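Below is one structure, written out as structure tokens, with a few remarks after it.
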Amino acid sequence: MNTDSFKIYYTATRQLFQVYLLGLILFMSFRTALLFSFGSYSDLSAYKLDMLRAYWVGYRFDTTVLTYGLVLPFTMNLLLLAIPRYYDAVRRFAYWYIIFVYFIFLSVLFVDFFYFKFFQSHLNVLLFGIVNDDTKAVMTSVWTDYPVIKVLLIITSVMWLLTYLIRKIMSREYNVGAKGLIFKAAFVVSLLGVYGLAMRGSIGVFPIQNDDTTISPNNFVNAMTINGVFSLKVAFKEKERYKIDTDIPKMLGQSGFKTPQEALSIYLNKSVTEDKELQKLLLAKTPSNPFLKENPPHVIFLQMESMSNYYLDLHSKEVNLLGTLEEELPNIVLLRNFLSCTNGTIHTLEGVMVNSPRTPISQSPYMDRSLSSSVALPFLDAGYQTTYLTGGKLGWRNLDKFVGRQYFQAVEGSATLLAEVKDAKAWEWGVHDEFLFERIFNKLEKSSGKPQFIYAMTISNHTPFAIPDTYKPYKVQISEDIRKRLRTNEDIAIKNFTGYQYANDSLGRLIQRIRTSPYGSNTILVATGDHNTLQLFDFTDSQLLQKLSVPLVMYVPEKYRPNQPIDTTVFSSHKDIFPTIFNLALSDATYLRSGNNLFDVTSADSFAVNNYNVAMNKIGAVLIQSTPLYYRWKKDNSKLLEPTTAQETPGLEALLKKAKASVVSMNYYVQSELSK
């Protein structure tokens, strides 16, 4: 190792270290922007020390990403110790390589920032669902809802500045005094050790990983630790983890269970030791009911796009978010402590339709596999005509290949609606709700005495929130209180509120039309949101219910209602919808025990699950992760949560186990079906 080669190596190393510092400033700037854009001072003021820890852990995540990104020029610098004559070529390559890598980092950080703005989460597995959506419709939404030109100009400006600074850094040379061979060797070896440690981000047994983000009882503080690039890496890992497969032992291991019997015992509240026919233990049967046998009701289930529960609280004469649905409130059962099974449309569709926590099956090699967990099968067995309707395109997410295999005799999308419904109007995502509902009513009119089961999915209340030009909106005048809390501009908020109003008004008109028609006495209609919308408002940890909940709307004719009243305050979720419907509509019907019958007052263990990682009941809530976070309800009846521990609040540990067992039980059933 001669003096010239070490000087060149030392210069290249100093240059790379300054480039790393520049990257660190970039990553920390986005972390700080996240804090000032989405953090709540009143909520975070009690977590000042945790915020400092978040920046420290964030520094470790950033360092890991940067050192992995710069590992190629770091390695090439080592070669300069042996072949210093290639310094100019290595420097030129390193310059362009670093520019490229920093452009990728900058782009991902911007995408992550706006993803967080919409979903209140860093990049996660839902990203791949967006990628697989209707490309034209997604691009229209992006262009409408986000300042695309401004962001591109900012990226261009920042890249110009980064390019200028990197060029200045790479042009510098540094002298190093003559040192002995031992010093030079020690310098190189030490640097290798430090760089390896930086890539790990940890001096512990394991390198830094997603589990290390849980440093605080406050979820926003935890979100501050990680950066968009590392989140993208985790998203790819999660995509692989939840890949549709039939490997039950792997699924059990990921969930912390040793055997299916262990999970089923907790879920079913009884000892399960049988080694065979475990699937049958997850089946239930509705009571024999002569009235239902003679008078089977029509059943309509509506999966409403982005039907927010929180928006119901904002409804007023000035901000009318209900339209005709307000008139129908006295005629329906409305549940508000209700969570969607997931936070994405296709995942919710499969979570409700075939009770699968692992999705999307429709985009897997199993897309054409029929599953006995389908909610259409009990109706088909009972002699119903089963129909799936959507205002969207049937090719979306391979619904044309998947839904028809789930015991639906008729499957119709936007093309059919445009052909069959007079004056039907469409937009980027498909046919508007009112025309979908017209088709549903036409199905009742043409039923000829045959009971109908219709599963329908709406699409109108979706960004960029277009409504038919024939619709005359109710008043939407944003109050000062709402304006102060908006995280978007007011124009987007008005479009969002109006789209939500249009969907609810269309729903209200359908309920009203059915209720006042000859079908009103023998048609059960149930509607719920596929997920909440997070575009307009920030939600703190105390507002988990407001952040994740959707309403459950149930129109049940008097003669089909059980004698006992329903407890509308019960905590429940999508898993409970069809066990309730089956018991209202079918006699002697076998179905998958995915949840509870909400009209059964003897059920004492009701709970809700969202995204298979949040559980909630009358005691509180649990974030299901490697280090669970526990919350209890405040005593002021505000439906707000406060941090607690499993020891301080008995019952939350049992909720955690029950929720995990329910997810594993459904996974076990569906994976067993897929393996046949």
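The values are calculated or read from the model by the stated rules, or taken from the named source; none is laboratory data. These numbers come from a predicted model, not from an experiment. Methodologically, a virtual Cβ is constructed for each residue, glycine included, from the backbone with ideal geometry; neighbour enumeration extends over all protein chains shown. In case anyone asks, the SASA skips ligands and DNA or RNA and just uses the protein heavy atoms, side chains included. Shrake-Rupley method; radii C 1.70, N 1.55, O 1.52, S 1.80 Å.
From the square roots a ≥ b ≥ c of the eigenvalues of the alpha-carbon gyration tensor of the range 235-384, which class results: rounded (a/c under 1.5), prolate (a/b over b/c), or oblate?
oblate
If you place +1 on the Cβ of every Lys and Arg, -1 on the Cβ of every Asp and Glu, and leave all else neutral, what size is the dipole of the chain about its Cα centre, to the nearest 20 Debye?
1800 debye
Would you mind checking the tilt of helix 148-171 against the longest principal axis of the Cα atoms of the chain, expressed as 0 to 90 degrees and rounded to 10?
Helix 148-171 sits at roughly 20 degrees to that axis.
Taking H as built 1.01 Å from N, whose amide H comes closer than 5 Å to the amide H of V299, not counting residues under 5 places away?
For V299, whose amide H was placed from the backbone, the distant partners under 5 Å are Q452, F453, I454, I524.
Please arrange L510, L78 by accessible surface area, largest first, computed with a 1.4 Å probe and ligands excluded.
L78, L510
Please work out the C-alpha center-to-center distance from the range 48-108 to the range 568-607 and express it in whole Å.
Value for the Cα centre distance between the two parts: 55 Å.
Report, in whole Å, the centroid distance computed from the Cα atoms of the range 285-360 and the range 220-242.
31 Å
Please work out whether the range 158-239 counts as rounded, prolate or oblate from its C-alpha gyration tensor, where a ≥ b ≥ c are the square roots of the eigenvalues and a/c under 1.5 means rounded, while otherwise a/b larger than b/c means prolate and anything else oblate?
Oblate shape, in that a/c is at least 1.5 and b/c is the bigger or equal ratio.
Identify which of the listed values of volume of the Cα convex hull per residue in Å³ was calculated from the structure shown: [x] 246; [y] 181; [z] 213.
[y]
To the nearest 10 degrees, how steeply does helix 433-445 sit against the main Cα axis of the chain, on a 0 to 90 scale?
Taking the Cα atoms of the chain, the angle to 433-445 is about 30 degrees.
Take the alpha carbon gyration tensor of the range 464-559, find the square roots of its eigenvalues, order them as a ≥ b ≥ c, and report rounded if a/c is under 1.5; if not, report prolate when a/b exceeds b/c, else oblate.
Since a/c reaches 1.5 but b/c is at least a/b, the shape of the range 464-559 is classed as oblate.
Put +1 on the Cβ of each Lys and Arg and -1 on the Cβ of each Asp and Glu in the chain; which of L72, H574, G39 then has its Cα farthest toward the positive end of the dipole?
Working it through, the farthest residue towards the positive pole turns out to be L72.
Which is farthest toward the positive dipole end of the chain among V148, S362, Y474, measuring Cα position about the Cα centre, with Cβ charges +1 (Lys, Arg) and -1 (Asp, Glu)?
Of the options given, the answer is V148.
Nothing charged except the Cβ atoms of Lys and Arg (+1) and of Asp and Glu (-1): what's the magnitude of the dipole of the range 364-441 about its Cα centre? Round to the nearest 20 debye. Present the calculation step by step, with values, prior to reporting the outcome.
Working: 8 positive and 10 negative charges, 57 e Å.
Magnitude of the dipole: close to 280 debye.
Could you give the longest part of the chain that holds none of the GluC sites (Glu not before Pro) found in DSSP loops with at most 13 neighbouring Cβ atoms within 10 Å?
319-647
Which value, in Å², gives the accessible area per residue of the chain when a 1.4 Å probe is used on the protein heavy atoms?
Per-residue value: 43 Å².
Scan the range 553-622 for trypsin sites (Lys or Arg not before Pro) in coil per DSSP, keeping those whose Cβ has at most 16 other Cβ atoms within 10 Å, and list them by number.
K618
Taking a cut-off of 14 Å between Cα atoms, list the aspartates and glutamates near K634, but don't count ones fewer than 8 places away on the same chain.
Cross-link targets: D541, E642, E648.
What is the helix-to-structure angle for 652-674, meaning the angle in degrees between its Cα long axis and the longest Cα principal axis of the chain, kept from 0 to 90 and rounded to the nearest 10?
80 degrees
Name the residues whose placed amide hydrogens come within less than 5 Å of the amide hydrogen of D588, ignoring near sequence neighbours (fewer than 5 apart) on the same chain.
It is T286, S288, N289, by chain and number.
Using the Cα centre of the chain as origin and beta-carbon charges of +1 (Lys, Arg) and -1 (Asp, Glu), tell me which of I104, M170, N522 is placed farthest towards the positive end of the dipole.
So the residue we want is M170.
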